[in-house]
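Remarks on the structure that follows.
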Amino acid sequence: MSETVLNRIYHLQNPKNCSSARKVICGHLSAGMGASLHNWVYCLNYAYYTNRTMLIDTSQWKYLRNVIVGDGVKDFHQFFLPISKCRYTDQDKKIAVIWNNSTMLDSTDGNKTPQVIRLLHIGIIYRDLKEAPATAHYAMPKEILYNVIKYKYKPMAWWTGYLAKYLIRPNSYLKQFIDQSRKNFRFKSPIVGLHIRKTDKAEESKLFNIYQYMRKVDAYFDTLLKRNITIKRRVFVTTDQPSLISHLKYKYRNYQFIHPPINELRAGTYSSRYSARNLKYFLRDVFLLAECDYLVVTMSSNV
């Protein structure tokens, strides 16, 4: 099924003629990497449903050089593989019609819809129009659902994750950096991933203390112990509040905590998090967390 979806995405993202291809432009979102990726997934999902090529307008992407800081990324491809052979052009920008009516724009019939549709952030659409594209809630094609549900406990999580995985495929430079970090950290399975985000989420969501996170970690290893599986209690921890690292090591001495260097955990300040360097660190941490056997996070993680 993964191969079927990938082939479909590749076909849509690489049309024979970029100039005449039907496209959806993913509008600018003033947000961090987690929220940006959520927005891109929503756009790719829409493109998949409406048989369009999805392109990203990164002109005001916060991580782009000189949007927030002078040491941002040069472009999207500094860390990621291209999502399409096509590029967002001035002509696309000129003729794009902003999504404003699901009856008119969600049709898969190319004769009834504009060639280029621009999708605003879902929050803006709900605020201004009180309705949204049919795919706004990460709807999944039913023919895929009926197959995936046979072997996936959470089919929608698989679908959303698969779209996200396609969008942020690491290029050779980022992949090499992740591979080297894995060796430097002595990162190996079995391992539990622990992501603790505090700073900017303090006013947006409920925060949990260290004990509440580690209780879940304890439960995982205790379950393995009951099955006569004895392994080193190893945890990969990443956080935007580096002081928590020493606290974890002191309080939970029966654990081995693996983590990035403290000077690479600098996402807590507004200016530093949007630099190319810190985006690279963030992406490495996300990909390593994805490799963990078990994850302990909260909704404030947002990645």
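The values are calculated or read from the model by the stated rules, or taken from the named source; none is laboratory data. This one's a predicted model, so the numbers in the text were calculated from it and none came from an experiment. Positions of Cβ are generated from backbone atoms using ideal geometry, with glycine treated the same way; all protein chains shown enter the neighbour counts. SASA here: full protein model, heavy atoms, side chains in, ligands and nucleic acids out. Shrake-Rupley method; radii C 1.70, N 1.55, O 1.52, S 1.80 Å.
Overview of values
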item: Any pair with Cβ under 9 angstrom, 6 or more apart, that starts in segment 174-193 at a residue that is more than 28 Å from HIS77 (Cα to Cα) and ends at one that is open to solvent by 50 Å² or more (accessible area, probe 1.4 Å) and of a type in the set (A, V, I, L, M); result: PRO190/ILE229; PRO190/ILE231; VAL192/LEU295
item: Of residues in segment 171-183 being touching a helix residue (DSSP H, G or I) at 6+ places or on another chain (Cβ under 7 Å) and open to solvent by 40 Å² or more (accessible area, probe 1.4 Å), the one nearest to TYR10 (Cα to Cα); result: PHE177
item: Residue tally, condition open to solvent by 10 Å² or more (accessible area, probe 1.4 Å) and under 22 Å from the mean Cα position of the chain (by Cα), over segment 82-101; result: 5
item: Residue count for segment 58-81, restricted to those that are open to solvent by less than 20 Å² (accessible area, probe 1.4 Å) and either part of a strand (DSSP E or B) or charged (D, E, K, R) (or both); result: 2
item: Which listed residue is modelled with pLDDT under 95, within 23 Å of CYS43 (Cα to Cα) and of a type in the set (Ser, Thr, Tyr), from TYR153, TYR146; result: TYR146
item: Pair list, Cβ < 8 Å and 6+ apart or interchain, from segment 265-285 residues that are farther than 16 Å from SER30 by Cα and at pLDDT 75 or above to residues that are among the basic types (Lys, Arg) and surrounded by fewer than 16 Cβ atoms within 10 Å (Cβ to Cβ); result: ALA276/LYS74
item: Search result, residues across segment 226-256 that are under 18 Å from LEU295 (Cα atoms) and open to solvent by 60 Å² or more (accessible area, probe 1.4 Å); result: LYS232, GLN256
item: Count - residues of segment 15-40 that are surrounded by fewer than 16 Cβ atoms within 10 Å (Cβ to Cβ) and in a loop (DSSP other than H, G, I, E, B); result: 5
